[in-house]
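In what follows, a structure is listed as structure tokens, so that the remarks can point back to it.
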């Protein structure tokens, strides 16, 4: 498998397969949302779009980065979301990096959203598909976020059928700037367990596939046996 690692701005052509990685915290949160029963996740282009969708669908659950804000039900924190009952619900998610990265490759035939929480399931789907070329979109810090790059590199090795010691990749993620900012309270809308939850490997047995439905990009969970 030919794996390419690129920041959002570096993806200038539509890839055949895109794996969009946001470990801390968008796609760890998305995984937890599905784990708590969500039926689907709509990836919003903007905060205004998220609020418009929420207003038109009051039973949907809207979440965003940062502190709580009027119109939103919760924030982008796995520690806060894990106690929610989302059975059968639609979640609207808008974040600074993860949702932006997914929408940047929305024309790709296959778009997967990933974090350590769904790493093996994501790699398994790629292996099953037999993808020859995969672009891993490293969403944080202009493509330099080590937690996202480490996760992307780990998934790439597993997708290629190569053995990989997860401990080293998780160590890099745990020592990243994002992890430090979450632990030190630099970022808002944080639960004390967020970093640990973002570093929990293979918590869920599904990959997360994003596809356009009408004018919306919708994320769904695809179980991997």
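The values are calculated or read from the model by the stated rules, or taken from the named source; none is laboratory data. Owing to the predicted nature of the structure, the values given are computational and were not obtained by experimental measurement. All Cβ positions, glycine included, derive from the backbone under ideal geometry; neighbour counts span all protein chains shown.
The set of residues from segment 54-83 being buried (at least 19 other Cβ atoms within 10 Å of the Cβ), assigned to a loop (DSSP other than H, G, I, E, B), out of contact with any helix residue (DSSP H, G or I) (no Cβ under 6 Å at 6 or more places or on another chain) and in contact (Cβ under 8 Å) with a residue 24 or more places away in the chain comprises just one member, 65. Residues considered: 160, 164, 152. Of these, the only one that is within 21 Å of residue 224 (Cα to Cα) and without any contact (Cβ under 8 Å) to a residue 24 or more places away in the chain is 164.
Entry remark, segment 22-50: residues being assigned to a helix (DSSP H, G or I) and either at pLDDT below 95 or closer than 19 Å to residue 81 by Cβ (or both) number 12 in total.
Could you check, for segment 34-51, whether at least one of its residues is under 16 Å from residue 118 (Cα atoms) and out of contact with any strand residue (DSSP E or B) (no Cβ under 9 Å at 6 or more places or on another chain)? Within segment 34-51, one or more residues are under 16 Å from residue 118 (Cα atoms) and out of contact with any strand residue (DSSP E or B) (no Cβ under 9 Å at 6 or more places or on another chain). Among the conditions (1) without any contact (Cβ under 8 Å) to a residue 60 or more places away in the chain; (2) in contact with a helix residue (DSSP H, G or I) (Cβ under 7 Å, 6 or more places away or on another chain), the only one that residue 214 does not satisfy is (2). Please verify whether residue 100 is within 17 Å of the chain's Cα centre (by Cα), modelled with pLDDT of 95 or more, buried (at least 16 other Cβ atoms within 10 Å of the Cβ) and not in a strand (DSSP E or B), treating the condition exactly as stated. So residue 100 passes the test. Those residues that are in contact with a strand residue (DSSP E or B) (Cβ under 8 Å, 6 or more places away or on another chain) and within 18 Å of residue 77 (Cβ to Cβ), I need them from segment 146-182; list them, please. Of everything in segment 146-182, just one residue is in contact with a strand residue (DSSP E or B) (Cβ under 8 Å, 6 or more places away or on another chain) and within 18 Å of residue 77 (Cβ to Cβ), namely 148. With the structure loaded, tell me whether residue 19 is closer than 24 Å to residue 221 by Cβ and assigned to a strand (DSSP E or B) or whether it fails that test. In short, yes. Residue-level check: of (1) crowded, with 18+ Cβ neighbours inside 10 Å; (2) over 16 Å from the mean Cα position of the chain (by Cα), residue 129 misses just (1). Answer yes or no as to whether residue 193 is out of contact with any strand residue (DSSP E or B) (no Cβ under 7 Å at 6 or more places or on another chain), surrounded by fewer than 17 Cβ atoms within 10 Å (Cβ to Cβ) and at positive phi. Against the criterion (out of contact with any strand residue (DSSP E or B) (no Cβ under 7 Å at 6 or more places or on another chain), surrounded by fewer than 17 Cβ atoms within 10 Å (Cβ to Cβ) and at positive phi), residue 193 does not qualify.
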